[in-house]
Amino acid sequence: MDDNTLDECANQHRPLVSGDVEAGNTTDGVHLSHHTPHSHRPRQQKALLISIVLTAAMMVVEFAASFMTGSLMLLSDSLHMLSHSFSLLISFGAILIAQKVTTEKWSFGLYRVEILAAFVNGIGLLAFSIWIMVEAVERLLAPKAVLGAEMTIVAVVGLLVNLTTALVLQRGGLEDLNTRSAFLHMLADTISSVVIIAGGIVIVFTGWFVIDPLLSAVVAVMTLRWSWGLLKESSFILLERGPEHLKANAVVEELKREFAEIKSVHDVHIWEITSQFVCLSAHVVTGDIRLSESSLLRDRISLYLKDRLGIVHVVLQFESSAC
């Protein structure tokens, strides 16, 4: 290779180090930034801390009020608050753990802890939903008196706390599955508070105590659906199923259209480490080109996949059609 070719290669590689590829990673285009999708999530950390304090405080209030008023809805909501406080702690801890840098044993870092947290949150929601439904059936068979006015007042306060917490989490950012799972917990409690207020008003004006377990069951069914969706999404990532919006065949066809040097692509694997951390590995068949040319082509493909499709970790193995 002559000096001009070497200079050309150096110039084309230089922007990758300073701009598109994070400094400190390899500059051959294979490993793009692992930290770009997360950046330690400072906004999410702050939002989760505020949410933990608000949720834990309201949980204590509702738990005490449930015994004072005899309301199953308040008791179920306080238990939801307890599970939510725990889930928020898990989510917060998951972000802290995910900040750990990659090591020899943990080559992808600990980002997947966030997905494990989302999975645990989903299981918690599922379990509490089933428990509430069982308790509601028992109350329907043996109705208990409920202090409607007091229950309504507590529910209004709970609604304000839930709305505030949900707003804090939303402003913190919901782009990752872990934080979104915490937001879903808050959304479930917000709807639960509205239902409790409606039930309290009915009890105050009609004395119909059966409305308490009935509405508790309705909230449980809604929460059950959300928990199932959360478990499904987190399970797919843990099982390394390809992202829903990225089909391997479509990606291959797009690469062949974009890069004339590519003859074919095979053995394609696309998977997620965690939310917004998509990986791809593939075998790329080209003509009989030089090593320097294949290196530059690899960089171009990697950056295209990152900018166009959001695939941030790319491993390509080149093969020659002449062989």
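The values are calculated or read from the model by the stated rules, or taken from the named source; none is laboratory data. Quantities reported herein were computed from a predicted structural model and do not represent experimental measurements. Cβ sites come from the backbone with ideal geometry, for glycine too, and all protein chains shown count toward neighbours.
Does segment 112-120 contain any residue that is at pLDDT below 80 and under 16 Å from SER78 (Cα atoms)?
no
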Residues of segment 125-155 satisfying the condition of being out of contact with any Ser or Thr (no Cβ under 7 Å at 6 or more places or on another chain) and more than 16 Å from LEU215 (Cα to Cα): ALA127, ALA149, ILE153, VAL154
Out of everything in segment 204-219 that is of a type outside the set (Ser, Thr, Tyr) and crowded, with 24+ Cβ neighbours inside 10 Å, what residue ends up being modelled with the lowest pLDDT? VAL219
Can you work out which of the residues in segment 271-299 that are of a type outside the set (A, V, I, L, M, F, W, C) and closer than 24 Å to ILE95 by Cα is surrounded by the most Cβ atoms within 10 Å (Cβ to Cβ)? THR274
Could you list all residues from segment 306-323 that are within 22 Å of SER275 (Cβ to Cβ) and assigned to a strand (DSSP E or B)? ILE311, VAL312, HIS313, VAL314, VAL315
Unmet criterion (only one of (1) under 26 Å from VAL53 (Cβ atoms); (2) of a type outside the set (S, T, N, Q); (3) more than 23 Å from the chain's Cα centre (by Cα)) for ALA188: (3)
Among LYS46, LYS105, which is the only one that is of a type in the set (D, E, K, R), at pLDDT 50 or above and not in a helix (DSSP H, G or I)? LYS105
Hey, VAL268 farther than 14 Å from LEU309 by Cα, at pLDDT 90 or above and either exposed (fewer than 15 other Cβ atoms within 10 Å of the Cβ) or of a type outside the set (Lys, Arg) (or both) or not: yes
Sole residue being in a helix (DSSP H, G or I) and either surrounded by fewer than 15 Cβ atoms within 10 Å (Cβ to Cβ) or in contact with a Pro (Cβ under 7 Å, 6 or more places away or on another chain) (or both), chosen from ALA188, ALA182, ALA127: ALA127
Mind checking whether some residue in segment 147-163 is assigned to a loop (DSSP other than H, G, I, E, B), assigned by TED's automatic domain parsing to the domain that holds LEU230 and closer than 21 Å to ALA217 by Cα? yes
Right, LEU231: assigned to a helix (DSSP H, G or I), in contact (Cβ under 8 Å) with a residue 60 or more places away in the chain, of a type outside the set (Lys, Arg) and surrounded by 18 or more Cβ atoms within 10 Å (Cβ to Cβ) or not? yes
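With the structure loaded, tell me whether VAL221 is farther than 22 Å from ALA64 by Cβ and either of a type in the set (Val, Ile, Thr) or outside any helix (DSSP H, G or I) (or both) or whether it fails that test.
On the way: farther than 22 Å from ALA64 by Cβ: yes; either of a type in the set (Val, Ile, Thr) or outside any helix (DSSP H, G or I) (or both): yes.
Yes, satisfied.
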Within segment 44-55, restricting to residues that are crowded, with 17+ Cβ neighbours inside 10 Å and within 22 Å of LEU74 (Cα to Cα), the one that is farthest from the chain's Cα centre (by Cα) is LEU54
Out of SER321, SER302, SER234, SER264, sole residue that is out of contact with any Lys or Arg (no Cβ under 9 Å at 6 or more places or on another chain) and farther than 30 Å from SER91 by Cβ: SER302
Here are the criteria: (1) within 30 Å of GLY148 (Cα to Cα); (2) part of a loop (DSSP other than H, G, I, E, B); (3) in contact (Cβ under 8 Å) with a residue 40 or more places away in the chain. Tell me which single one LEU215 does not satisfy. (2)
Inspect all residues belonging to segment 287-305 and state whether any of them is touching a Ser or Thr at 6+ places or on another chain (Cβ under 6 Å) and assigned to a strand (DSSP E or B). no
